Structure formats: C-alpha cells, structure tokens
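Below is one structure, written out as structure tokens; comments come after it.
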Amino acid sequence: KAGVTQTPRYLIKTRGQQVTLSCSPISGHRSVSWYQQTPGQGLQFLFEYFSETQRNKGNFPGRFSGRQFSNSRSEMNVSTLELGDSALYLCASSLFSNEQFFGPGTRLTVL
Amino acid sequence: AQSVTQLGSHVSVSEGALVLLRCNYSSSVPPYLFWYVQYPNQGLQLLLKYTTGATLVKGINGFEAEFKKSETSFHLTKPSAHMSDAAEYFCAVSERDYKLSFGAGTTVTVRA
C-alpha cells in the first residue's frame, strides 16, 4: 500500500505570495491532518479534515486554510506569506484516531 | 487541553549503551500516547503507541515504552543503542481525537 504523498517536496516563495500544498492520504484513510514544524515552535497542529469537513483547527491565523476533496486528498493554502511561515509542513492520514501516518513533508522557504 | 514535556533536548549515548528518553504528559481524559522518530529531511515514523491495555508497549527497532498513569509518564527505552538510532524523537499525546500535541523533541547522537 502506498504511503502518504505530499507535493511539492520543496518550495520557495517570496513574502506576500500565496502557496498551495497537496497531500494524498493512504488509500482508504478519510482523515487528513496538517502540521507545521519549525525550529522555534516545534510541531504544531494546523487542522484536520474528515469526509471534506474540517473537524478540528489549531491556533493559526486565517491566512492558513485547507480543504479536502471527495477522494480524501487534501490541500492547504497559505496566503500573504510571511518570513515566519518558512517551515516543514507535514500531512498525516488516519483510519482511526489511534494512529497517524505521516508523509515526507513539504519544505517551504519564504524569502 | 493536552501537553507534552520531553526532558532533555539532546542525548548522547555510546553504541551498545541504554537509550532512555523521558516524556511527561498532561491530559484531561485518558490519553493516547505515541513516540515518533524523524530522520533528517524526512517525515515522522511511528515507533510505538499506547492506547489501552498493557502498559508496557513494544515498538519497532527494539524500542519500548511504559505508560505510568500515576507519574503521567511515557518514557522510551532501548537496551542497546545502534548507530542507526541517531535521529530526533518526539513524544506525542492525543485526547482520543485526531489532534496530536507534540513535545519539543530529543535529538539522539550515538558515539562509536
């Protein structure tokens, strides 16, 4: 079974731009969660989607948004990029709440 | 709300020595507890998890952890370190939903 895939793996943007990251979950998994990892703040929960509905949201500004499609693939969008948005963005998929499988991440650099 | 504290941001061990990584958590409900490992430029890989039942859980690569409710701890151990164990380790807690709260991480270096 293929694992969680994230595209692109690396991205460079400039301040003020917007970016869209994509995540394809493991086949059959309907829950997709997103996390931001930075050296200063560590791993922080962004949001979780299940059957195209956002069920849980972390403490991030409205510039961070996401969505999930009917095939469970998910995208997250960051608008008006700031330098502090530079991070590794990790996606995880789940069948049940007691286990999450992580993708390799998208490394976003904001210049 | 749940939270995790990992004691020690860096641990250095000799090859063949015991690896002990400490994790304490807080949770308002019976938690799910996890240990993940991250190698450079990679995502997180699940080492082991505690959900219910036996408090001593065994994971991959020879790691194990013990859930101690009275101490709100979930420490990770491996009897004999291998060079391939050099990585960053994260303890995480969830309140039985799909939101993980992570500790700050512990970087393990293994000396030959």
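Throughout, read-outs are computed from the coordinates displayed, never taken from laboratory work. All values derive from a computational prediction rather than experimental measurement. No Cβ is skipped: glycine too gets one built from the backbone with ideal geometry, and neighbour counts run over all protein chains shown.
Prolate is the label for chain B, because the ratio a/c of its alpha-carbon gyration tensor axes (a ≥ b ≥ c) is 1.5 or higher and a/b is greater than b/c. Ignoring lysines fewer than eight residues from B:Lys58 along the same chain, the ones with Cα atoms less than 30 angstrom from its Cα are A:Lys1, B:Lys49, B:Lys68, B:Lys69, B:Lys78, B:Lys99.
Taking B:Pro40, B:Pro79, B:Pro31 in turn, the Gaussian network model of chain B (Cα-Cα springs below 10 Å) assigns the largest fluctuation to B:Pro40. Protection proxy ranking of B:18-28, A:52-62, by the mean of other Cβ atoms within 10 Å over each peptide's residues and highest first, is B:18-28, A:52-62.
Could you give the Stokes-Einstein D for the protein assembly as shown in µm² per second, using the C-alpha Kirkwood radius, 10 °C, 1.306 mPa s?
Numbers: Rh = 18.0 Å.
Once the numbers are plugged in, D ends up at 88 µm²/s.
Computed on the Cα atoms alone, the convex hull of chain A gives a volume of 93 cubic angstrom per residue. When the trypsin sites (Lys or Arg not before Pro) in the range A:1-47 are filtered for DSSP coil states and for at most 15 other beta-carbon atoms within 10 Å of their beta-carbon, the remaining sites are A:Lys1, A:Arg9, A:Arg15, A:Arg30. Of the trypsin sites (Lys or Arg not before Pro) in the range B:64-112, the ones in a loop by DSSP (not H, G, I, E or B) with at most 11 other beta carbons within 10 Å are B:Lys69. Taking the Cα atoms of the range A:1-61, the ratio Rg/Rh between the radius of gyration and the Kirkwood radius comes to 0.98.
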